[in-house]
Amino acid sequence: MPELEEKNITVNRKARHDYFIVSTYEAGIVLVGTEVKSLRQHKANLLDSYAKIIDGEIWLIGAHINPYDQGNIYNHDPLRKRKLLLNKNEIRKLTKLASEKGNTLVALRLYFKGGKIKVELGVAKGKKSYDKREDIAKKDAIRSMERKVKL
């Protein structure tokens with residue numbers, strides 16, 4: 001079977017800065033037509049978006065998908081909550097992981113996979129400010145080493 005090509009729509013870079021990602025899951029997402037058209041134009045933002053478990057279903061909250069430019073009065077609400085499509089076992093695992101102290105479900109990226117729009121969810125633990133400073137220092141050290149190697 002040929003491998004499906006993935007094409008990023010948007011990535012939540014701040015999530016990897018603010019959280020340790022324990023594990024990731026791929027989920028489908030329920031969208032209306034104007035949202036899909038807007039996503040094809042890459043007009044979305046996952047900053048401050050997270051997933052919440054409500055009545056045994058997982059919902060994406062805080063994801064901003066701009067209204068479609070050529071949309072009419074039936075255009076979508078940009079900040080509405082959207083249902084995520086996962087199978088029962090995945091929902092059970094995510095419910096168990098999210099209920100642990102300090103864990104949260106964060107949207108990491110939106111992407112196309114085989115013509116369908118998918119969301120990458122991460123089970124995340126929050127970083128302290130000293131962890132963030134430590135990561136920045138490591139990245140700076142790697143960058144400076146690469147510069148010296150180039151010379």
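Quick note: the coordinates plus some simple rules give every number you see, no bench work behind them. All values derive from a computational prediction rather than experimental measurement. Using ideal geometry, Cβ is built from the backbone for each residue, glycine included, and neighbour counts are taken over all protein chains shown.
So what are the radius of gyration and Dmax for the Cα set of the range 1-92, in Å?
Rg then Dmax for the range 1-92, in Å: 14.5, 42.
Just grab the label-to-label distance for residue 41 and residue 16, each label 7 Å out from Cα along the Cβ direction, in nm (one decimal).
If labels sit at residue 41 and residue 16, their model points lie 2.8 nm apart.
Taking 0.36 nm per intervening residue step and subtracting the Cα-Cα distance, what contour gain separates residue 48 from residue 4 on full extension?
Once the chain is fully extended between residue 48 and residue 4, it gains 13.0 nm.
By how many nm would the segment from residue 131 to residue 147 grow when fully extended, if each residue of separation counts as 0.36 nm and the alpha-carbon distance is taken off?
Length gained between residue 131 and residue 147: 3.3 nm.
By per-residue mean of other Cβ atoms within 10 Å, what is the highest-first order of 65-75, 11-21?
Top to bottom by mean Cβ count within 10 Å: 11-21, 65-75.
Can you quote the Å³ per residue value for the convex hull of the Cα atoms in the range 6-150, rounded to an integer? Don't skip to the end; give the middle numbers.
Working: hull volume 20.3 nm³, N = 145.
Cα-based convex hull of the range 6-150, divided per residue, equals 140 Å³.
May I ask you to list the residues of the range 11-32 whose amide nitrogen lies under 14 Å from a point 7 Å from Cα along the Cα→beta-carbon direction of residue 138?
Output list for this probe position: 16-22.
Got the relative contact order for the range 6-150 handy, in percent, Cα pairs under 8 Å and 6 or more residues apart? Write down the numbers at each step before the final one.
Values: 252 pairs, mean separation 47.9, N = 145.
About 33 percent, as a whole number.
Given the pairs 52/116; 14/83; 14/132; 7/116, which span a C-alpha to C-alpha distance of over 19 angstrom in this model?
Table pairs above 19 Å Cα-Cα are 52/116; 14/83.
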